[in-house]
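The numbers here are math on the coordinates, done by the rules we state, and not lab data. Please read all numbers here as calculations on a predicted model, not as lab measurements. Quick reminder, even Gly has a Cβ in these numbers, built from the backbone with ideal geometry, and neighbours come from all protein chains shown.
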Amino acid sequence: MIELRGVTKRFKQVTAVQDVSFDVERGEVVGLIGENGAGKTTTLRLIATVLRPMAGSIRVAGLDTIKQPRQVRRKVGLLFGGETGLYDRLTARENIAYFGRLFGLDDGEIRRRTEALAERFAMTEYLDRRVGGFSKGMRQKTVIARSLIHEPEVVLLDEPTSGLDITSAAAIRQLIRDFQKEGRTVIFSSHISGEVERLCDRVMILRRGRLEFADSLAELYRRTGTEDLDAAFVQAAESGLGR
Ligand SMILES: Nc1ncnc2c1ncn2[C@@H]1O[C@H](COP(=O)(O)OP(=O)(O)OP(=O)(O)O)[C@@H](O)[C@H]1O
Ligand SMILES: [Mg+2]
């Protein structure tokens, strides 16, 4: 479903992603981990066509992100923690509808999907309130609904639970499980080991822009001789990942 081949992205003298290749199968949930600046956000933005690779190629559902960016965008939902880009003067519903229109959905479809998403995230109560007064979690849920309005097959989440309260973080984890049941393909980045341990089929570790590991947690534990993601991560940094 997602295929990277020799992908490299540089920002001036900084190499954010270097010669990264991997495949993610349809219906897989992959956790993307790595230290600050390792290239996680850049990788997700490359897949979502927000950035262009300088070398290598990326395919999503068989579509090339450089040659067919518009078609790729229809398949992909991208969610970033932190900066949300919501319009404060618009209501949650209007913010979501704006995205729906960008994807060419008609008003009836937008209404139907928005109400279903609002129900799912328990945000019906504030759907018609202006986003300006929203709490962090309310904003985050609005952003999630917005990124799902076109029912993407591929969902990319960049630190989706960062800064959320316990309840909202649990709702996001449940959402990822639901995506998995629905057969969607998910890559999420996280600095929260417990979340990665609980949710993903496979883990990818980026280190200074390079893909260091892409396999199951069981395999990571086997290779590092630990049973704990934090310990395995540190172990891999210190002594590498021999077979
Ligand atoms: N737009 C940009 N302009 C210049 N440098 C950038 C840009 N985006 C990313 N970088 C650089 O690329 C490298 C990788 O950044 P990236 O944001 O992908 O890391 P990350 O793994 O998401 O880190 P974090 O855990 O802190 O979110 C860093 O050195 C960063 O400074
Ligand atoms: Mg990041």
Can you tell me which aspartates and glutamates have their Cα less than 20 Å from the Cα of LYS9? Leave out same-chain residues fewer than eight positions away.
ASP19, ASP23, GLU35, ASP64, ASP158, GLU212
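Over the residues of the range 93-146, compute the C-alpha Rg and express it relative to 2.2 N^0.38 Å. Could the numbers behind the result be given before it?
On the way: Rg = 10.5 Å, N = 54, 2.2 N^0.38 = 10.0 Å.
So the range 93-146 has a normalised radius of gyration of 1.04.
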Contour minus Cα-Cα span, GLU197 to ASP178, at 0.36 nm per residue, comes to 5.2 nm
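If you take every DSSP beta bridge fully contained in the chain, what fraction is antiparallel? Give it as a percent rounded to 5.
On the way: 20 of 38 bridges.
Antiparallel bridges make up about 55 percent of those DSSP assigns within the chain.
Per residue, what volume in Å³ does the Cα convex hull of the range 29-76 take up? The partial results should precede the final answer.
On the way: hull volume 4.1 nm³, N = 48.
Per-residue hull volume (Cα only) is 86 Å³.
So if we plug the beta-carbon distance of ARG10 and GLU109 into 1/(1 + (r/R0)^6) with R0 = 25 Å, what FRET efficiency do we get, rounded to 0.05?
On the way: r = 40 Å, r/R0 = 1.61.
The computed FRET efficiency comes out at 0.05.
Suppose a student asked you for the relative contact order of the chain, using Cα pairs under 8 Å spaced at least 6 residues apart; what percent would you report? List each step's numbers first, then the result.
Details: 447 pairs, mean separation 63.5, N = 243.
Relative contact order of the chain: 26 percent.
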Let me know the charge dipole size of the range 33-175 about its Cα centre in debye, to the nearest 20, where only the beta-carbon of Lys, Arg (+1) and Asp, Glu (-1) is charged.
340
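Calculate how many DSSP beta bridges within the range 1-120 are antiparallel, expressed in % of all such bridges and rounded to the nearest 5. Write out the running numbers ahead of the final one.
Details: 14 of 14 bridges.
Counting only bridges with both partners in the range 1-120, antiparallel ones make up about 100 percent.
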So for R0 = 25 Å, FRET eff. of ALA170-GLU219 from the Cβ-Cβ r, to 0.05, ends up at 0.35
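Would you mind giving the average projected area, over all directions, of the Cα convex hull of the chain in nm² with one decimal? It would help to have the intermediate numbers written out before the result.
Details: hull surface 53.2 nm².
Its Cα hull, projected and averaged over all orientations, spans 13.3 nm².
Over the range 42-169, what portion of Cα pair distances is larger than 25 Å, expressed as a whole percent? Intermediate results must be reported in sequence, preceding the final value.
Numbers: 2149 of 8128 pairs.
Summing the P(r) tail past 25 Å for the range 42-169 gives 26 percent.
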Between the range 113-151 and the range 195-242, how many Å separate their Cα centres?
34
When N is the residue count of the range 107-228, what does its C-alpha Rg come to as a fraction of 2.2 N^0.38 Å?
1.22
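Can you compute the charge dipole magnitude of the chain about its Cα centre, using +1 on each Lys and Arg Cβ and -1 on each Asp and Glu Cβ, nothing else charged? Give it in debye, rounded to the nearest 20. Show your work: numbers first, answer last.
Details: 39 positive and 34 negative charges, 186 e Å.
I would put it at about 900 debye.
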What is the extension gain from ASN36 to VAL234, computed as 0.36 nm multiplied by their sequence separation minus the C-alpha to C-alpha distance, in nm to one decimal?
69.9 nm
